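For reference, the structure is listed below as structure tokens.
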Amino acid sequence: MISLSPTLKARLATPLEIGGVRVNSRVLQSPLSGVTDLVFRRLVRRYAPTSMTYTEMVQASRLRYVRELPKIMEVSPDEKPISIQLFDCRPDFLAEAARMAEEEGADTVDINMGCPVNKITKKGGGSKLLREPETAEAIVRAVANAVSVPVTVKTRIGWDENEINILEFARRMEDAGAQMITIHGRTRKQGYTGQANWQWIGEVKKALTIPVIANGDIVSVESAVLCLEQTGADGVMCSRGTLGYPFLVGEIDYFLKNGEKKQPPTLVERLECAKEHLQMLWEYKGARGVQQARKHMTWYIKGFPGANELRDKLARVASVEEGCELIDGAIAYRGRL
Ligand SMILES: Cc1cc2nc3c(=O)[nH]c(=O)nc-3n(C[C@H](O)[C@H](O)[C@H](O)COP(=O)(O)O)c2cc1C
């Protein structure tokens, strides 16, 4: 059975201070492209009301040419604390986009310096900035000058196993004015494979004064506690563990605050949540929302009896009614077990 050591409990008892922003939770919901829209964040926040959530990343240079804010940058006035994440390689574009993010209600502006996708690194953004620390510094400076909310950075430990430069890089980000750094313990080359290396996160924590958030393989209360103990990090950020499971951030937060586990949702509650997610996406985005809900529903049913067959059907769902009917069928099936 997992327990919370008194030392760890005491260390995490105070709010997370990000520049002037106080956050009453040490567990954060990561930005996930195609996932962490307003609807998903609303579900996460229901179980983790004080946790910081992030928008999906928004390309700064694109914002120059749009008249209307893209939906992925939309923040609801009741969402707090919220960070809007931007990516690009041009400090001036990022500064301009950061102003728009601040106006939209962002409590912090986060710069993505970790995305491994070729399309983005080829243009100098995401994890490519690990290889361009001068540009990364210039970005942080420009954004910090442009807005009054704190600027934070999310990055990886390095480009590949021969180029792990996170210690030096993180110091430079702090010196440039970053108020928090989140480190995904993988290299760019690893993408999303292999185990996250938390050791480097611990090294960075020792070297910096701003908060350091650990990311990578935080999938349960157990992994969160282990990571916090091993790294000394100021908090943990959950990512893939929340796909089809928006309860995770709340479960970890509850444990860190109370030293005991919250009752996990039953299978039926998880399926009810899938239905609600589908309905909310439809209301928010219409037909495109239903399309996007397909992947969410397949994640929700992972591990359920009969999931394989159901997954194929859910992946083609064309309406809320159809999706709910399929899930209700699964709930009825569970009832017979
Ligand atoms: C589908 C998907 C979308 C992602 N989108 C973003 C993003 O928009 N911004 C970002 O900083 N990281 C993004 N990431 C990376 C995650 O936030 C996180 O750093 C990574 O998945 C490692 O954590 P994990 O091992 O717990 O999944 C994404 C990852 C996935 C799987």
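The values are calculated or read from the model by the stated rules, or taken from the named source; none is laboratory data. The structure presented is a predicted model; accordingly, all values stated were derived computationally and were not measured. No Cβ is skipped: glycine too gets one built from the backbone with ideal geometry, and neighbour counts run over all protein chains shown. Surface areas here come from the heavy atoms of the whole protein model, side chains and all, with no ligands, DNA or RNA. Shrake-Rupley method; radii C 1.70, N 1.55, O 1.52, S 1.80 Å.
So, of the residues in the stretch 201-212 that are open to solvent by 40 Å² or more (accessible area, probe 1.4 Å) and closer than 15 Å to Leu228 by Cβ, which turns out to be farthest from the chain's Cα centre (by Cα)?
Lys206
When you go through Ile213, Ile157, Ile164 one by one, which is the residue that is under 28 Å from Ser5 (Cβ atoms) and away from the ligand (no atom under 11 Å from the Cβ)? Explain how you work it out, then say what you get.
Details: Ile213 fails: away from the ligand (no atom under 11 Å from the Cβ); Ile164 fails: under 28 Å from Ser5 (Cβ atoms).
None of the others qualify; the one that does is Ile157.
Can you tell me which residue among Val249, Val268 is among the β-branched types (Val, Ile, Thr), in contact (Cβ under 8 Å) with a residue 12 or more places away in the chain and within 16 Å of the ligand (Cβ to nearest atom)? Before you say what the answer is, go through the steps one by one.
Numbers: Val268 fails: within 16 Å of the ligand (Cβ to nearest atom).
Just one listed residue meets the conditions, Val249.
Keeping to the stretch 60-97, report how many residues are closer than 28 Å to Glu132 by Cβ and in contact (Cβ under 8 Å) with a residue 60 or more places away in the chain.
Here the count works out to 2.
Given (1) part of a helix (DSSP H, G or I); (2) out of contact with any Pro (no Cβ under 7 Å at 6 or more places or on another chain); (3) away from the ligand (no atom under 16 Å from the Cβ), identify the lone condition not met by Lys128.
The number of the failed condition is (3).
Considering only the stretch 58-86, how many residues are within 23 Å of Val27 (Cα to Cα) and within 18 Å of the chain's Cα centre (by Cα)?
Filtering the stretch 58-86 for residues within 23 Å of Val27 (Cα to Cα) gives 58, 72-86.
If we keep only those that are within 18 Å of the chain's Cα centre (by Cα) as well, we get 58, 72-76, 79-86.
Going through the stretch 58-86 one residue at a time, the tally reaches 14.
For the stretch 100-125, which residues satisfy the criterion of being within 15 Å of the ligand (Cβ to nearest atom), assigned to a loop (DSSP other than H, G, I, E, B) and crowded, with 19+ Cβ neighbours inside 10 Å?
Let us first name the residues in the stretch 100-125 that are within 15 Å of the ligand (Cβ to nearest atom), namely 101, 106, 108-121, 125.
Keeping just the survivors that are assigned to a loop (DSSP other than H, G, I, E, B) gives 106, 114-117, 125.
Answer for the stretch 100-125, where residues must be within 15 Å of the ligand (Cβ to nearest atom), assigned to a loop (DSSP other than H, G, I, E, B) and crowded, with 19+ Cβ neighbours inside 10 Å: Ala106, Gly114, Cys115, Pro116, Gly125.
A quick yes/no check of all residues on (1) of a type outside the set (Phe, Trp, Tyr); (2) open to solvent by 50 Å² or more (accessible area, probe 1.4 Å); (3) under 30 Å from Asp328 (Cβ atoms):
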residue: Ile183; (1), (2), (3): yes, no, no
residue: Gly191; (1), (2), (3): yes, no, no
residue: Ala214; (1), (2), (3): yes, no, no
residue: Glu229; (1), (2), (3): yes, yes, no
residue: Leu243; (1), (2), (3): yes, no, yes
residue: Lys261; (1), (2), (3): yes, yes, yes
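For residues that are touching a helix residue (DSSP H, G or I) at 6+ places or on another chain (Cβ under 6 Å) and at pLDDT below 95, tally how many sit in the stretch 75-117.
So the answer is 0.
Of the numbered conditions (1) within 16 Å of the ligand (Cβ to nearest atom); (2) assigned to a helix (DSSP H, G or I); (3) open to solvent by 40 Å² or more (accessible area, probe 1.4 Å), Met173 fails exactly one; give the number of that condition.
Against the list (1) within 16 Å of the ligand (Cβ to nearest atom); (2) assigned to a helix (DSSP H, G or I); (3) open to solvent by 40 Å² or more (accessible area, probe 1.4 Å), Met173 comes up short only on (3).
Suppose the filter is within 15 Å of the ligand (Cβ to nearest atom) and not in a loop (DSSP other than H, G, I, E, B); does Ala97 pass it?
Details: within 15 Å of the ligand (Cβ to nearest atom): yes; not in a loop (DSSP other than H, G, I, E, B): yes.
For Ala97, the condition - within 15 Å of the ligand (Cβ to nearest atom) and not in a loop (DSSP other than H, G, I, E, B) - is met.
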